[in-house]
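Every number here is computed from the coordinates shown, using simple stated rules; none is lab data. On a predicted model such as this, the values are computed, not experimentally measured, just so you know. Reconstructed Cβ throughout: ideal geometry from the backbone, glycine too, with neighbour counts over all protein chains shown.
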Ligand SMILES: Nc1ncnc2c1ncn2[C@@H]1O[C@H](COP(=O)(O)OP(=O)(O)OP(=O)(O)O)[C@@H](O)[C@H]1O
Ligand SMILES: [Mg+2]
């Protein structure tokens, strides 16, 4: 019993630093990912017509009748290519990558649980991504997905072909080389790539050439998003200003996002992560203090109990000539033995249970990998940086440290009981029953 | 060197319980020679245990001297007293008081812990002692696996471990049936003869007491003047632990089975 209890408090001592280390690591990886992303996109100005991707509409289902319709319809607004032409004339622009993004015609029902009841809503089956298949752009910028599972990527001059996520092949039961009908037109699947997340409907994507996408949806001459690349970062703010002024003047409703804007978003996320981390550390510190206190108290009370239980034995030891020091060291040794055994148990529990224990005791560890990747724009894949799962595995140093701590605390906890034992009068102790 | 191993002079012990004073012992003058086998009798509360505690350096008298091997132990500082308990005295208790988690032989080795003896020497000595008390076949038994009589034999072997000047036994037969009771007394008698151990034994049983060489009486904390001779070394009191044939006190070997005594 005692050993298990001690084992647990030691396991806590192992798990918490391990949890902290893991959070620290995930925090660091977030930062380095951000740095990479921001460096890579320092010259990028994103121009789009809406701040979010995808749209859905739905009606409430279930018991909560009388509630107003849930959901919304997104009105699709596009950027006309003549405007793109105007933007192209701005000084300092190196390249413009055009995207045409829209929802599939088909929709699917999805049930979402909310505190107000379950809502069934329909949303598009997948998202169509039309990209300019200009080889110089494809080579220079992140235009196409990279995780191809089978087949090939799209290339310059492709038409009537698509690159799709693997979760679409499951949905439509189609495979590489099969035909798939999109907006009434037939497309050949030339490649399949890995979606960002297997389960989410939002991650079903179909890539095709921008002109194919424009034609089948009847949007020739329209684009939904522009990635404007400046010659160098000194032009970025200027270009963004010009585009914004232009958009206001002609009421185009364009959203312009630059490196600086993104930096702000990054910064808030960074701050969040940082405060989560420091909260976690505070909690961890408190829990370690509690574990330390608990360990020494457990040993203290166990040994006090033992000493009391064995009063007579102490009397006997003294009667046969054991000195105070002998008795004291005898009981100290026992206390240390208990904590040694507990230490071994603790190492086992700690190594096996560290992820569970740290997630129970440090709920915020998991929050450090939030799904809050709500950052607009596909060029920057910020979600991946954050969704890396935290792996908690205690290292040898932590384990040894906790082991040493438990043994030391065991020694401290048995100090007073052992001292009490050493002072027992043999005559009194022998009378004790 | 005198032949006196233990002597008390006007020994007095007063217990104070709040305002009440209990005269547990008063004016006890005792002189015990080397090789004596003494029994002390007296009604309950007469101070027998108190006296043994004084003699065994477990408690200090209020007044008087306890001279053990020419040293007045009442003047010995607390720190060194444990040395006296360890090397000069062997205790035997009514309830045996063996350590339950140690085997018979480990219990016997216990008093030798911290002495100059090496581990193997201790083991050898414990082995010898268990043989003397007739328990060589029970060395690895834990106390709970031993009969009461066997436990008391282990306790006696333990008391002998450091070759003490005197053995103090507080009702050593109090928890035993009649047959075992006499077995134990006989064993003590034999040790007294063969090992030349000085023994002081407190008992309620007059038959047991009569097996000693001298019988003392304690009443109300005072030693009575009358002292009786016991029947120690009377024919039939000593038997071979192996074949139970009667043996003579100065025999080295049993005459029937040849066992070393
Ligand atoms: N620690 C103590 N504090 C106070 N009084 C005590 C203490 N020990 C013994 N006494 C008292 O001293 C007296 C003698 O006690 P002691 O234990 O020596 O008697 P005893 O002859 O051994 O009796 P018994 O045959 O029942 O064992 C008793 O009246 C007892 O109550
Ligand atoms: Mg008594």
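Whole-Å semi-axes of region A:110-192's equivalent ellipsoid, largest first, each the root of 5 times a Cα gyration tensor eigenvalue?
On the way: eigenvalues 174, 54, 30 Å².
The answer is 30, 16, 12 Å, longest axis first.
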Exercise for the section: On each of the three principal axes of the Cα atoms of region B:81-135, give max minus min coordinate, whole Å, ordered largest first. Expected result: 31, 30, 22
Handout entry: Point-to-point label distance, residue B:119-residue B:219, nm (Cα→Cβ direction, 7 Å offset)
Key = 5.6
Completion exercise
Once both label points are put 7 Å beyond Cα along the C-beta direction, the residue B:137-residue A:278 separation in nm becomes 7.8
Problem - Shielding by partners, peptide B:79-89 (average Cβ within 10 angstrom, other chains) - result: 4
Practice task
Two decimals is fine: what is log10 I(q)/I(0) at q = 0.14, 0.20, 0.26, 0.34 Å⁻¹ for region A:391-433, from a Debye sum with one equal scatterer on every Cα and no solvent?
Solution key: -0.54, -0.72, -0.87, -1.04
Completion exercise
So residue B:10 and residue B:255, fully extended at 0.36 nm per residue minus their Cα-Cα distance, gain in nm 83.5 nm
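Of B:257, B:240, B:57, B:82, how do they rank once you tally other Cβ atoms within 10 Å and put the fewest first? Numbers along the way, then the final one.
On the way: B:257 11, B:240 20, B:57 26, B:82 23.
Exposure proxy ranking, most exposed first: B:257, B:240, B:82, B:57.
For the pair residue B:206 and residue B:23, what calculated FRET efficiency results from E = 1/(1 + (r/R0)^6), where r is the Cβ-Cβ distance and R0 = 35 Å, to the nearest 0.05?
Values: r = 25 Å, r/R0 = 0.73.
For residue B:23 and residue B:206, the calculated efficiency is 0.85.
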Completion exercise
So the FRET efficiency between residue A:249 and residue A:176, C-beta based with R0 = 56 Å and rounded to 0.05, is 0.70
Exercise for the section: Compute the distance in nm between two label points, each set 7 Å from the Cα along the Cα-to-Cβ direction, one at residue A:88 and one at residue A:4. Expected result: 7.5
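What FRET efficiency do you get for residue B:65 and residue A:304 if R0 is 30 Å and r is their Cβ-Cβ distance, rounded to the nearest 0.05? It would help to have the intermediate numbers written out before the result.
Values: r = 39 Å, r/R0 = 1.29.
For R0 = 30 Å, the calculated efficiency reads 0.20.
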Completion exercise
Binned at 5 Å starting from 0, the alpha-carbon pair-distance distribution of chain B in whole percents comes out as 1, 6, 13, 17, 19, 17, 13, 8, 4, 1, 0, 0, 0
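Neighbour counts of other C-beta atoms within 10 Å: give me A:333, A:415 arranged from fewest to most. Before the final figure, lay out the partial values.
Values: A:333 13, A:415 18.
The fewest-first ordering by Cβ neighbours comes to A:333, A:415.
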Problem - Pairwise Cα inverse-distance average, inverted: Kirkwood Rh of the protein assembly as shown (Å) - result: 33.9
Completion exercise
Assertion target for A:337, A:332, ordered by fewest C-beta neighbours within 10 angstrom first, is A:337, A:332
Fill in the blank from the handout: Here the whole-number average of other chain Cβ atoms within 10 Å per Cβ of B:94-103 is 2
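Volume per residue, Å³, of the convex hull around the alpha-carbon atoms of region B:18-100?
Numbers: hull volume 13.5 nm³, N = 83.
In region B:18-100, the Cα convex hull volume per residue is 163 Å³.
For region A:231-276, rounded, prolate or oblate, judged on the Cα gyration tensor with a ≥ b ≥ c (square roots of eigenvalues), a/c < 1.5 rounded, else prolate if a/b > b/c?
Values: a/c = 5.49, a/b = 1.96, b/c = 2.81.
Oblate is the answer for region A:231-276, as a/c is 1.5 or above yet b/c matches or exceeds a/b.
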